[in-house]
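Peer 1: Below you'll find the structure I mean.
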Amino acid sequence: MARKVDGRPAATPDVLKRPYDPSGVEQRWYRVWEEAGFMSPAPNDGQEPFVISMPPPNLTGALHYGHAVIVTYEDIMIRWRRMQGRPTLWLPGTDHAAIGTNTVLMNQLAQQGRTRDDLGRDGFEQLFWDWIGKSGGTIRTQIRRLGASCDWTRERFTMDEGLSRAVNEAFVRLHEKGLIYKGSYLVNWDPQDQTAVSALEVEHETVVGSLWYVRYPLADGGHIVVATTRPETILGDTAIAVHPEDERYSNLLNGQAVVPVVDRRIPFITDPAVDREFGSGAVKVTPGHDPNDYQMGMRHDLDMINILNEDGTLNENAGRFAGLDRFDARNEMVKWLQDRDLIENIVDHEHSVGHAERSGSIIEPMLSEQWFVKTKPLAAAAANAVRDGRIRFYPERFADEFLRWMDNIHDWCISRQIWVGHRLPVWYCRSCGETIVSAEAPASCGECGGDLEQDPDVLDTWFSSGLWPFSTLGWPDDTDDMRRFYPTTVMQTGYDIIFFWVARMVMLGIELTGEVPFRHVYLSGLMRREDGSKVSKSDPRPGDDPEEVLERFGADALRYMIATAGTPGSDMKLVWQKLEASRNFMNKLWNAARFTVEAQAARSLEPAPPTDVDRWILGRLDRTVAETTARLESFNFGEAGRGIQDFIWNDFCDWFIESSKIRLHGDEPAAAARAAATLADVLSTSLRLLHPYMPFLTEEIWSHLLGAVSGLESDHIIVAPWPQDKGRGSHPAVEEISALAEAVRAIRNARREANVEPGKWIEAVIRPGPRADILEAESDFVKRLARVDPLRLAGSDEAPPKNAVAIVAGGMEIYLPLEGMVDLEAERDRLLGQTRELEAEVVRAGESLSNEKFLSRAPADVVQKRRDRREQAAGELAAIRERLDSL
RNA sequence: GGGCAAGUAGCUCAGCCGGUUAGAGCGCCACGUUGACAUCGUGGAGGUCACAGGUUCGAUUCCUGUCUUGCCCACCA
């Protein structure tokens, strides 16, 4: 027989060693599941499938907590639905992340002192594919490590052959319908990555800069003052605008101003967009480098001058400043103006500056020829799908956010001047200049037969991710998977990409497939650091890497912490103590399992009928089953998880296991067999409830149970049936035993107050009132758990013992005759204190019960409840007063 | 500038489609080697549910306003 460290014999089999150690266990079970094919959908039996497209992690490096959050919630849903018997498909994959990956690769090259031009496009693409292989492998391993029960046989990558075909097809179809167009517009230009980005990829940051008041000479002499935050853009000015009703400047309208440095003569225009109160009331107009001015330029047909090169230096239009970097140019310009006394004033000014999400560099609005998606018609259809309930959001407030964005949408710039991503399916004829948009590469120009050249640009990464729910199922082909699994059921992702991704999927899904891509959108919060700061790629800190947590606590602990960390849609913090609490819970369950397995030795006999204690725990179990199922239905994963723990720890371990020891160690084999059977029953059901949260631990325990218990529903818990509520929660024993537990608690409390040694057995006398039967049947429950013996039931006409501590609890009067230990004074004080509390209670209840309006307006059950409460309090009060009198 | 969320025990957070003595984990205090578990057990202390009004028989929960914090959206030079 195995020995414990302290020398006591251990009756538990060696396989259930304590404490629970997740390392090894987790990887082992994952392999078993994968090899058995449990994670692929069951064959088509006509049942409605439950489908989730896993948000594809970016291949920009390793896993982060965002992925852990996604895996946790989605795996909970998938495992739960699988256990319910639904055919489930959870389709995993990865995303090439275009600019994100581009940044990673460019940084790697920079560290070697190289640029992408050293490699050339082919060489750079080779580098990309090498990286994809490496990063993809890491990510796949980590997703497995988290326990994601997804279908790896259907894994996809946004740039694999099928998905690339889908991208081309989507582009061509949208282009044919006029929903994709090319044009020269003011775009957000990232001078560092040297590419256009979409408005969503620009992050605005409020900074305190300067507002320069600049004197522009007038052609007819004199000057006009204009305020600007970007003096270098003076070089691109093509007008000066004032408000039409601004009389201060009405006399200047026919004249011209002279742009400093370049000496260009520019007209005055009037436009109601000008704010008379701001600055001098006159504004310089730079249509080539400011969105506002661009609009104004369009309205007034102004010249549009581009003063920047793609790398952010100034071009030949900048005169003497050509070749300078944009920031140097600003300083030089100010100096130049100051030298000529053309700066009237400089004031601090708070304004917002756009930065590129990836590179962090300041965005320059710049004229550029790009490809765009015409979003208005797509957005209208998407908004309708949400308004009419075809798509539902959880929490609901995100639907409003979604709609607001859709209603104010701008066209989407989808071309990027980088080398990572899907090349535009666009070719130009070298001879005649013809543009050809085609899903397949054409051999030659259809017009003149000339040679073709493919457009060098690639697509925004979100264009391909926008197709994800259907491109992964085989679209544009009419595949079995597409027919069976589309539309998908739930889309769950972080709320931070609702516009980037969710919105695009809805727009493109409806347009290209005619159906919404998913029915439910569950948006989860972000995982923050313990101090509340955001985990960021640009500023990594120790603790940001989930790998550490997996090492120390295992995937189950991390998952449970994430699932129970908060409420839907709200951010959560990575709190170390919560991970410890998860681990402790796992250990608690593990030990309960050891106990249960050990107890099965008693199951050789035909079990006795269930006792009220059995009925109580089975009733509590059924209530937990019902609650958990309802909470999962409504996406309340945190509440569900906490409820399961509450049941396992507080009901099962603290009360049922403790009380089962009476029967297990007693001398009635049939009773012991019943206790063992109930233990196994409750444990196996609890494990199934918990499995979606802690797949590894529950599978491990299940495997040990298999050897000890018969009648388990399945060889593997992952495919075991989800528990059913058998309605035992309404059995009277549920309340009866709860009352006994309340009595036990009260006795323990009284013992403590009377300074009775915890281990000491003391006598108790109970006047059971209406609980005589249950107390008779389960007196051992009270005896053992309250450590009282002998326990004597007194008739209602019998006088209570004199020198005793008196307690009223669970509808019973309990007396603990503690000879020589009862301090009469202290006892009287204690009882007086209780009297006061009860009196207050009676008064409170009495006030509302004597209130006519309460009686007439409050619902009947509320009134009844209050009556009951008053009655109970009054009863207890009477008993205590009687006791006081006798002292 | 507009919008959203949050403000509940020392800390991290639940709860509240109005009605219980407002809960959990951690922390704290006291006690405990009772054969599942010290990653534990038992008992306890600790909250004017941000503030001010209003609706109601009754408000932590609903409404209005204020303050604080966080986030999103927005072309004010």
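Peer 1: Report, by chain and number, residues whose modeled amide H sits under 5 Å from the one on A:ARG792, excluding near sequence neighbours (fewer than 5 apart, same chain).
Peer 2: A:ALA764, A:VAL765, A:ILE766
Peer 1: Next question, about the same structure. Taking every DSSP beta bridge with both residues inside region A:760-873, roughly what % is antiparallel (nearest 5)?
Peer 2: Values: 9 of 13 bridges.
Of all bridge pairs located within region A:760-873, approximately 70 percent are antiparallel.
Peer 1: Among A:LEU467, A:LEU605, A:ILE70, whose Cα sits farthest toward the positive end of the charge dipole of chain A (+1 at Cβ of Lys/Arg, -1 at Cβ of Asp/Glu, about the Cα centre)?
Peer 2: Value computed over the given set: A:LEU605.
Peer 1: State the three equivalent ellipsoid semi-axes of region A:19-107, derived from the C-alpha gyration tensor as the square roots of 5 times its eigenvalues, in descending order and whole Å. Don't skip to the end; give the middle numbers.
Peer 2: On the way: eigenvalues 165, 79, 27 Å².
They are 29, 20, 12 Å, listed from largest to smallest.
Peer 1: Over all alpha-carbon pairs of region A:571-716, lay out the pair-distance distribution in 5 Å bins, whole %, shortest bin first.
Peer 2: Per 5 Å bin, starting at 0, the Cα pair percentages come out as 2, 9, 19, 21, 21, 14, 8, 4, 2, 1, 0.
Peer 1: Full-extension gain between A:ASP455 and A:GLN864, please, as 0.36 nm times their residue separation minus the C-alpha to C-alpha distance. Walk me through the numbers on the way to the answer.
Peer 2: Numbers: separation 409, 0.36 × 409 = 147.24 nm, distance 7.78 nm.
Going from the current span to full extension adds 139.5 nm.
Peer 1: To the nearest µm²/s, what D does Stokes-Einstein give for region A:177-242 at 20 °C and 1.002 mPa s, using the Kirkwood radius over alpha carbon pairs as Rh? Please report the intermediate quantities before stating the final value.
Peer 2: Numbers: Rh = 15.8 Å.
The calculation lands on 136 µm²/s.
Peer 1: Round to the nearest 10 and report in Å² the accessible area of A:THR698, as given by a 1.4 Å probe over the protein chains' heavy atoms.
Peer 2: Approximately 0 Å² for this residue.
Peer 1: Same structure again: Scan around A:THR94 for amide H atoms under 5 Å from its own, H built in the peptide plane at 1.01 Å from N, and keep only partners 5 or more places away or cross-chain.
Peer 2: Distant-sequence amide H within range of A:THR94: A:ARG156, A:PHE157, A:THR158.
Peer 1: Related question: So how tilted is helix A:669-690 from the main axis of chain A? Cα-based, degrees 0 to 90, rounded to 10.
Peer 2: With both axes taken from Cα atoms, the answer is about 10 degrees.
Peer 1: Between A:ALA381 and A:ASN851, what FRET efficiency comes out of the Förster formula 1/(1 + (r/R0)^6) with R0 = 51 Å and r the beta carbon distance, rounded to 0.05? Walk me through the numbers before you get to the answer.
Peer 2: Details: r = 56 Å, r/R0 = 1.10.
About 0.35, to the nearest 0.05.
Peer 1: Report the full-extension gain for the segment A:LEU706 to A:GLU247: residue separation times 0.36 nm, less the Cα-Cα distance, to one decimal in nm. Before the final figure, lay out the partial values.
Peer 2: Values: separation 459, 0.36 × 459 = 165.24 nm, distance 9.11 nm.
Residue separation times 0.36 nm, minus the Cα-Cα distance, leaves 156.1 nm.
Peer 1: Follow-up. Would you mind calculating the relative contact order of region A:531-611 from Cα pairs under 8 angstrom and at least 6 residues apart, reporting the percent as a whole number?
Peer 2: Details: 23 pairs, mean separation 19.7, N = 81.
RCO, region A:531-611: 24 percent.
Peer 1: Which of the chymotrypsin sites (Phe, Trp or Tyr not before Pro) across region A:759-841 are loop residues per DSSP, with 15 or fewer other Cβ within 10 Å? Mind dumping the intermediate values first?
Peer 2: Numbers: sites: A:TRP761, A:PHE781, A:TYR815; in loops: A:TRP761.
Sparse-neighbourhood loop chymotrypsin sites (Phe, Trp or Tyr not before Pro): A:TRP761.
Peer 1: What percent do you get for the relative contact order of chain A when only Cα pairs under 8 Å and 6+ apart count?
Peer 2: On the way: 1523 pairs, mean separation 104.8, N = 887.
Reported as a whole number, the value is 12 percent.
Peer 1: PRE reach from A:GLN295 (point 7 Å along Cα→Cβ): which of region A:334-375 fall under 17 Å by backbone N?
Peer 2: A:352, A:365-366
Peer 1: Note down the nm distance, to one decimal, between modelled labels 7 Å out along Cα→Cβ at A:ARG114 and at A:ASP160.
Peer 2: Here the answer is 2.9 nm between the modelled labels.
Peer 1: I would also like to ask the following. Per-residue HN-Hα couplings for region A:253-260, Karplus 6.51 cos²θ - 1.76 cosθ + 1.60 at θ = phi - 60°, whole Hz, x for Gly and Pro?
Peer 2: Per-residue couplings from phi come out as 4, 8, x, 9, 10, 10, 6, x Hz.
Peer 1: How much mean residue ellipticity at 222 nm does chain A get from its helices, if each DSSP H run of length 4 or more adds -39500 (n - 2.57) and you divide by all residues, to the nearest 500 deg cm²/dmol?
Peer 2: That comes out to -13500 deg cm²/dmol.
Peer 1: Subtract the Cα-Cα distance of A:GLN47 and A:ASN408 from 0.36 nm times their separation in residues, and report this length gain in nm to one decimal. Don't skip to the end; give the middle numbers.
Peer 2: Details: separation 361, 0.36 × 361 = 129.96 nm, distance 4.01 nm.
This chain segment gains 126.0 nm when fully extended.
Peer 1: Quick one: ranking A:PHE38, A:PHE268 by accessible area, 1.4 Å probe, largest first, what do you get? Before the final figure, lay out the partial values.
Peer 2: Working: A:PHE38 45, A:PHE268 20 Å².
Ranking A:PHE38, A:PHE268 by accessible area, largest first, yields A:PHE38, A:PHE268.
Peer 1: Whose amide H sits under 5 Å from the amide H of A:GLY209, counting only residues 5 or more places off or on another chain, with H placed in the peptide plane?
Peer 2: Excluding prolines and chain starts, which carry no amide H, the hits are A:HIS349, A:GLU350, A:HIS351.
Peer 1: Counting DSSP beta bridges in chain A, what percent are antiparallel, to the nearest 5?
Peer 2: Looking only at bridges with both residues in chain A, the antiparallel portion is about 70 percent.
Peer 1: Longer than 29 Å from Cα to Cα, which of A:LYS578/A:LYS661; A:LYS726/A:LYS865; A:LYS534/A:LYS578; A:LYS661/A:LYS760 are they? Say none if no pair is.
Peer 2: Flagged as over cut-off: A:LYS578/A:LYS661.
Peer 1: Something else now. For region A:764-847, which GluC sites (Glu not before Pro) pass both filters: DSSP loop (anything but H, G, I, E, B) and at most 10 other C-beta atoms within 10 Å? Before the final figure, lay out the partial values.
Peer 2: Values: sites: A:GLU776, A:GLU778, A:GLU798, A:GLU813, A:GLU819, A:GLU825, A:GLU827, A:GLU837, A:GLU839, A:GLU841, A:GLU847; in loops: A:GLU778, A:GLU798, A:GLU819.
For GluC sites (Glu not before Pro) across region A:764-847 that sit outside H, G, I, E and B with at most 10 neighbouring Cβ atoms in 10 Å, the list reads A:GLU819.
Peer 1: Another question, if that's okay. How far apart, in nm, are the 7 Å Cα→Cβ label points at A:ASP400 and A:GLU713?
Peer 2: In this crude spin-label approximation the distance works out to 4.0 nm.
Peer 1: Roughly what % antiparallel, to the nearest 5, for the DSSP beta bridges in region A:122-273?
Peer 2: On the way: 14 of 17 bridges.
Antiparallel: roughly 80 percent of the beta bridges in region A:122-273.
Peer 1: Tell me, what ³J(HN,Hα) does each residue in region A:699-706 have, in order and in whole Hz, if you take phi through Karplus 6.51 cos²θ - 1.76 cosθ + 1.60 with θ = phi - 60° and put x for Gly and Pro?
Peer 2: 5, 5, 5, 3, 5, 6, 5, 4
Peer 1: Another one. Counting only Cα, what are the radius of gyration and maximum Cα-Cα distance Dmax of chain A, in Å?
Peer 2: Expressed in Å, the Cα Rg and Dmax of chain A come to 37.0, 117.
Peer 1: Taking the Cα atoms only, what angle lies between the long axis of helix A:504-513 and the longest principal axis of chain A, rounded to 10 degrees?
Peer 2: Here the helix axis deviates by roughly 80 degrees.
Peer 1: With +1 on the Cβ of every Lys and Arg and -1 on the Cβ of every Asp and Glu, and nothing else charged, how large is the dipole of region A:779-887 about its Cα centre, in debye rounded to the nearest 20? Provide the component values of the computation, followed by the final result.
Peer 2: On the way: 18 positive and 21 negative charges, 96 e Å.
Dipole size: approximately 460 debye.
Peer 1: May I ask for the angle, rounded to the nearest 10°, between helix A:376-387 and the longest principal axis of chain A, with both axes built from Cα atoms and the value confined to 0 to 90°?
Peer 2: On a 0 to 90 degree scale, this one is about 10.
Peer 1: List the cysteines in chain A whose Cβ has no other cysteine Cβ under 4.7 Å from it.
Peer 2: Cysteines of chain A left without a disulfide-compatible partner: A:CYS150, A:CYS413, A:CYS653.
Peer 1: Each residue of region A:27-41 in turn: what ³J(HN,Hα) in whole Hz from Karplus with 6.51, -1.76, 1.60 and θ = phi - 60°, glycine and Pro shown as x?
Peer 2: Ordered by residue, 3J(HN,Hα) equals 4, 4, 5, 4, 4, 4, 4, 5, 5, 7, x, 5, 9, 9, x Hz.
Peer 1: Rounded to the nearest 0.05, what FRET efficiency do A:ASP130 and A:VAL208 have when you use their Cβ-Cβ distance and R0 = 51 Å? Don't jump to the answer; show the numbers that get you there.
Peer 2: Numbers: r = 45 Å, r/R0 = 0.87.
It comes out at approximately 0.70.
The values are calculated or read from the model by the stated rules, or taken from the named source; none is laboratory data. Since the structure is predicted, the reported quantities are computational estimates derived from the model, not experimental observations. Ideal geometry is used to build each Cβ from the backbone, glycine not excepted, and the neighbour counts take in all protein chains shown. The accessibility values were calculated without ligands, DNA or RNA, using every heavy atom of the protein model including side chains. Shrake-Rupley method; radii C 1.70, N 1.55, O 1.52, S 1.80 Å.
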